[in-house]
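The values are calculated or read from the model by the stated rules, or taken from the named source; none is laboratory data. None of these values were measured; they are calculated from a predicted model. Note that each Cβ is placed from the backbone with ideal geometry, even for glycine, and that neighbours are counted across all protein chains shown. Remember, those area values only see protein heavy atoms, side chains included, never the ligands or the DNA or RNA. Shrake-Rupley method; radii C 1.70, N 1.55, O 1.52, S 1.80 Å.
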There are 2 protein chains.
Amino acid sequence: MTSSPRRGRVTSMDHDQAHRWLATAVAEARAGLAEGGIPIGAALYGPDGTVLGRGHNRRVQDGDPSAHAETDAFRAAGRQRSYRGTTMVTTLSPCWYCSGLVRQFAIGRVVVGEAETFHGGHDWLAAHGVEIVVLDDAECVALMRDFIAARPALWNEDIGA
Amino acid sequence: MTSSPRRGRVTSMDHDQAHRWLATAVAEARAGLAEGGIPIGAALYGPDGTVLGRGHNRRVQDGDPSAHAETDAFRAAGRQRSYRGTTMVTTLSPCWYCSGLVRQFAIGRVVVGEAETFHGGHDWLAAHGVEIVVLDDAECVALMRDFIAARPALWNEDIGA
């Protein structure tokens with residue numbers, strides 16, 4: 001069950017594009033933080049580079065424990081016949097729940113802002129053929145590090161720890 | 001990654017209780033069917049046997065692709081500090097998305113109505129220490145078999161196939 005995701009390297013997408021897409025997820029994370037929520041954001045991009053849906057963690061705002069950022073972005077995209085060629089961009093390594101989402105719906109690629117403060121299921125996804133791009137983004141790390149230090153109980157609640 | 005879930009056998013819960021709890025999920029599945037939706041239902045039970053949340057697939061009703069039955073029941077239960085000792089009861093083997101939910105939040109047990117018309121992640125959950133009870137329930141099988149025969153495209157959309 002181990003694998004080597006292409007940490008820090010960008011493969012089928014160029015480096016500027018990966019960071020541009022990540023900026024959408026970071027904007028969502030910052031919006032969530034400004035609402036008093038958990039600062040994790042995500043966006044689902046279509047094969048042609050359009051945003052199908054974007055969202056952020058809404059546990060606090062909506063009292064909804066299922067509203068992880070990736071799920072919120074997936075929900076915002078509405079019903080789709082296929083996720084072929086789509087990319088889920090997220091500020092943080094996806095937990096098992098959101099990793100399961102990616103696998104079930106055959107989302108082809110995941111761009112991860114950082115996997116340092118939390119290591120979810122992205123290795124498992126890589127082992128199952130999903131392209132994983134980990135950007136080791138300092139802004140994403142700082143967002144989560146500050147949040148976890150400030151609100152450890154809320155963070156543990158969000159990941160079932 | 002293979003395992004032998006306790007198919008058809010009931011272990012730490014008695015047979016009557018498992019079927020009583022399943023009846024809650026079946027009632028949800030039938031409610032969803034009556035609304036024109038996909039007939040899959042679920043309920044999250046607490047350690048003391050109270051229903052924390054119940055729900056059903058709402059893809060059609062809400063246009064929400066994330067509203068699988070288990071996610072809907074989990075959402076209905078609202079924020080919880082811990083899922084220790086809880087049981088997710090579902091009419092159908094949980095897909096990867098909902099299996100990831102169970103693993104991430106350390107839900108201890110899953111009661112599955114049937115795993116014949118769809119085989120999701122319940123073996124994977126068993127391999128990771130979740131107690132799995134598969135009831136091989138004829139009513140659950142009939143619900144899904146009839147639905148899949150009547151609406152194959154909708155079913156494929158719901159599981160990303």
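Based on this model, can you work out whether residue B:137 counts as more than 24 Å from residue B:64 (Cβ to Cβ) and touching a His at 6+ places or on another chain (Cβ under 9 Å)?
Yes, satisfied.
Would you tally the residues in the range B:141-161 being among the hydrophobic types (A, V, I, L, M, F, W, C) and farther than 19 Å from residue A:74 by Cβ?
9
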Do we have any residue at all in the range B:3-21 that's within 14 Å of chain A (Cβ to nearest Cβ), at pLDDT below 95 and out of contact with any strand residue (DSSP E or B) (no Cβ under 8 Å at 6 or more places or on another chain)? yes
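Please work out if residue B:32 is more than 10 Å from every other protein chain (Cβ to nearest Cβ) and in contact with a strand residue (DSSP E or B) (Cβ under 7 Å, 6 or more places away or on another chain). Talk me through it step by step, then tell me what you get.
Working: more than 10 Å from every other protein chain (Cβ to nearest Cβ): yes; in contact with a strand residue (DSSP E or B) (Cβ under 7 Å, 6 or more places away or on another chain): yes.
Yes: the conditions hold for residue B:32.
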Condition broken by residue A:93, with the remaining ones in (1) touching a Leu at 6+ places or on another chain (Cβ under 9 Å); (2) modelled with pLDDT of 95 or more satisfied: (1)
Between a first residue in the range B:1-22 that is over 22 Å from residue B:69 (Cα atoms) and open to solvent by less than 80 Å² (accessible area, probe 1.4 Å) and a second residue that is part of a helix (DSSP H, G or I) and modelled with pLDDT of 50 or more, which pairs have beta carbons less than 6 Å apart while being 6 or more apart in sequence or on different chains? B:3/B:123; B:3/B:126; B:3/B:127; B:10/B:18
Would you please list the contacts, defined by Cβ atoms under 6 Å and residues six or more apart or on different chains, that run from a residue in the range A:114-132 that is under 17 Å from residue B:104 (Cβ atoms) to a residue that is among the hydrophobic types (A, V, I, L, M, F, W, C) and part of a helix (DSSP H, G or I)? A:117/A:144; A:121/A:96; A:125/A:102
